[in-house]
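The values are calculated or read from the model by the stated rules, or taken from the named source; none is laboratory data. Everything quoted here is computed from the prediction, not taken from an experiment. Virtual Cβ from ideal backbone geometry, glycine too; neighbours counted across all protein chains shown. The protein model used for the area step is the full one, side chains on, heavy atoms only, and it has no ligands, DNA or RNA in it. Shrake-Rupley method; radii C 1.70, N 1.55, O 1.52, S 1.80 Å.
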Amino acid sequence: MEQSVILVSDRSAVRTLTLNRESKLNAANDDLLLTLTDELKRADADPSVRVVVITGAGRGFCAGQDLGDVSGRGMTFTEHLNHTYNPLVRTIRSLSKPVISAVNGVAAGAGASLALAGDVRLWAQGANLIEVFSNIALVPDSGSTWFLPRLVGYHRAFELMALAEKVRAEDALRLGLCEQVFPDETFRDDVQVYAERLATRPAHALKLTKQALNAALTSTLDQALDLEAELQQLAGDHWEHEEGVTAFKDKRPAQFVREGQEG
Ligand code: T3D
């Protein structure tokens with residue numbers, strides 16, 4: 001039986017979606033991209049899931065577009081991006097739950113974009129990122145031109161894209177391309193521990209925080225202040241806020257996970 005291109009597993013409110021085309025370093029074909037997008041939406045709709053992890057099987061995270069899968073696909077590049085990669089990246093960014101890009105190995109091309117798209121980026125020590133597009137004379141896509149200059153500035157982004165230089169984990173951490181680097185040997189367990197910790201945080205407040213941050217990346221200060229004031233009302237009216245304040249007064253840890261109650 002043919003194995004699914006996306007493996008789905010649940011542990012303690014954490015859903016892990018594993019890109020599963022190991023022999024090609026999880027290079028993406030349409031099946032992988034469309035299935036991943038569907039699975040993200042399913043995770044968003046599932047009240048038992050509080051955090052989503054995207055990672056890769058084997059030694060690669062994602063080597064970008066499967067270059068064996070391009071010719072004869074009956075779509076222009078523009079149509080293909082609008083059909084596959086762009087909905088995927090939009091889904092990650094607009095998901096109401098935190099998404100962790102767990103970069104276990106090489107992240108190249110659109111795989112690099114996927115590595116940057118998560119709300120949290122966790123890397124294995126041996127992982128690396130390559131804006132490899134210029135090697136095949138393409139333009140960085142799937143959000144790379146949006147994410148990277150915001151993280152490293154225009155000039156560093158241009159250099160990484162023009163020369164397709166490999167960014168290793170220690171440099172990724174220094175440049176702000178990831179939040180944490182874990183040893184290769186314990187990476188998957190360390191990601192799970194991190195994700196479970198994130199899953200105990202107030203889900204509703206984090207959903208609004210993600211909304212505010214995403215909007216702020218393209219807004220003025222005035223617009224950000226207005227949106228904060230609007231979203232704060234929603235947060236302040238939610239049971240999580242009452243629990244946080246009560247827990248503070250009672251000098252006990254807040255309990256933001258409640259059976260049968262969504263964030
Ligand atoms: O709509 C559109 O189509 C436009 C969208 C474009 C989005 C993009 O992502 S464009 C960029 C496409 N990706 C690439 O150009 C990356 C190509 N791969 C590489 O440069 C290297 O493989 C890596 C730097 C990623 C890793 O190098 P290395 O030395 O660690 O591994 P390797 O030996 O090159 O690869 C291992 C196997 O994976 C190998 O297969 P084999 O020889 O063992 O049978 C290799 O062919 C395969 N592989 C790696 N990347 C791809 C791939 N097969 C198909 N497509 C790939 N992208």
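Determine whether the stretch 94-110 contains at least one residue that is closer than 24 Å to F187 by Cα, open to solvent by less than 40 Å² (accessible area, probe 1.4 Å), of a type in the set (S, T, Y) and outside any loop (DSSP other than H, G, I, E, B).
Checked against the condition, which is being closer than 24 Å to F187 by Cα, open to solvent by less than 40 Å² (accessible area, probe 1.4 Å), of a type in the set (S, T, Y) and outside any loop (DSSP other than H, G, I, E, B), the stretch 94-110 yields at least one hit.
Is it the case that some residue within the stretch 241-263 is within 29 Å of N104 (Cα to Cα), surrounded by 12 or more Cβ atoms within 10 Å (Cβ to Cβ) and among the acidic types (D, E)?
Checked against the condition, which is being within 29 Å of N104 (Cα to Cα), surrounded by 12 or more Cβ atoms within 10 Å (Cβ to Cβ) and among the acidic types (D, E), the stretch 241-263 yields no hits at all.
Could you say which residue among S23, S48 is in a loop (DSSP other than H, G, I, E, B) and among the hydroxyl-bearing types (S, T, Y)?
Testing whether each residue is in a loop (DSSP other than H, G, I, E, B) and among the hydroxyl-bearing types (S, T, Y) leaves just S48.
I'd like to check something: does the stretch 57-78 contain any residue that is in a helix (DSSP H, G or I), of a type in the set (S, T, Y) and either within 11 Å of the ligand (Cβ to nearest atom) or surrounded by 15 or more Cβ atoms within 10 Å (Cβ to Cβ) (or both)? Spell out how you get there, then give the answer.
So in the stretch 57-78, the residues in a helix (DSSP H, G or I) come out as 67-69, 77-78.
Keeping just the survivors that are of a type in the set (S, T, Y) gives 78.
Keeping just the survivors that are either within 11 Å of the ligand (Cβ to nearest atom) or surrounded by 15 or more Cβ atoms within 10 Å (Cβ to Cβ) (or both) gives 78.
Yes, some residue in the stretch 57-78 is in a helix (DSSP H, G or I), of a type in the set (S, T, Y) and either within 11 Å of the ligand (Cβ to nearest atom) or surrounded by 15 or more Cβ atoms within 10 Å (Cβ to Cβ) (or both).
With the structure loaded, tell me whether K166 is on the phi > 0 side of the Ramachandran plot and open to solvent by 50 Å² or more (accessible area, probe 1.4 Å) or whether it fails that test.
no
Restricting the search to the stretch 136-148, which residues are open to solvent by 40 Å² or more (accessible area, probe 1.4 Å) and more than 6 Å from the ligand (Cβ to nearest atom)?
A137, V139, T145, W146 - these are the residues of the stretch 136-148 that are open to solvent by 40 Å² or more (accessible area, probe 1.4 Å) and more than 6 Å from the ligand (Cβ to nearest atom).
Search the stretch 79-101 for residues being of a type in the set (A, V, I, L, M, F, W, C) and touching a Gly at 6+ places or on another chain (Cβ under 8 Å), and hand back the single one that is farthest from the ligand (Cβ to nearest atom).
Filtering first and then ranking leaves I100.
Tally time: how many residues in the stretch 231-256 are in a helix (DSSP H, G or I) and within 26 Å of the chain's Cα centre (by Cα)?
5
Mind checking which pairs have a first residue in the stretch 69-97 that is in contact (Cβ under 8 Å) with a residue 40 or more places away in the chain and a second that is of a type in the set (S, T, N, Q) and outside any helix (DSSP H, G or I), Cβ under 6 Å, 6 or more apart or different chains?
These pairs meet every condition: D69/N29; Y85/S142; V89/S142.
Among the residues of the stretch 183-193, are any outside any helix (DSSP H, G or I), without any contact (Cβ under 8 Å) to a residue 60 or more places away in the chain and not basic (K, R)?
Within the stretch 183-193 (the criterion being outside any helix (DSSP H, G or I), without any contact (Cβ under 8 Å) to a residue 60 or more places away in the chain and not basic (K, R)), the answer is yes, since at least one residue qualifies.
Any residue at all in the stretch 109-127 that is in contact with a Pro (Cβ under 6 Å, 6 or more places away or on another chain), closer than 24 Å to T16 by Cβ and away from the ligand (no atom under 15 Å from the Cβ)?
Yes: the stretch 109-127 contains one or more residues that are in contact with a Pro (Cβ under 6 Å, 6 or more places away or on another chain), closer than 24 Å to T16 by Cβ and away from the ligand (no atom under 15 Å from the Cβ).
Quick one: is T218 open to solvent by 90 Å² or more (accessible area, probe 1.4 Å) and under 21 Å from L95 (Cβ atoms)?
Details: open to solvent by 90 Å² or more (accessible area, probe 1.4 Å): yes; under 21 Å from L95 (Cβ atoms): yes.
It is true that T218 is open to solvent by 90 Å² or more (accessible area, probe 1.4 Å) and under 21 Å from L95 (Cβ atoms).
I'm trying to understand the selection: among the residues of the stretch 32-55, which are under 23 Å from A205 (Cα atoms) and in contact (Cβ under 8 Å) with a residue 60 or more places away in the chain?
P47, R50, V51, V53, I54
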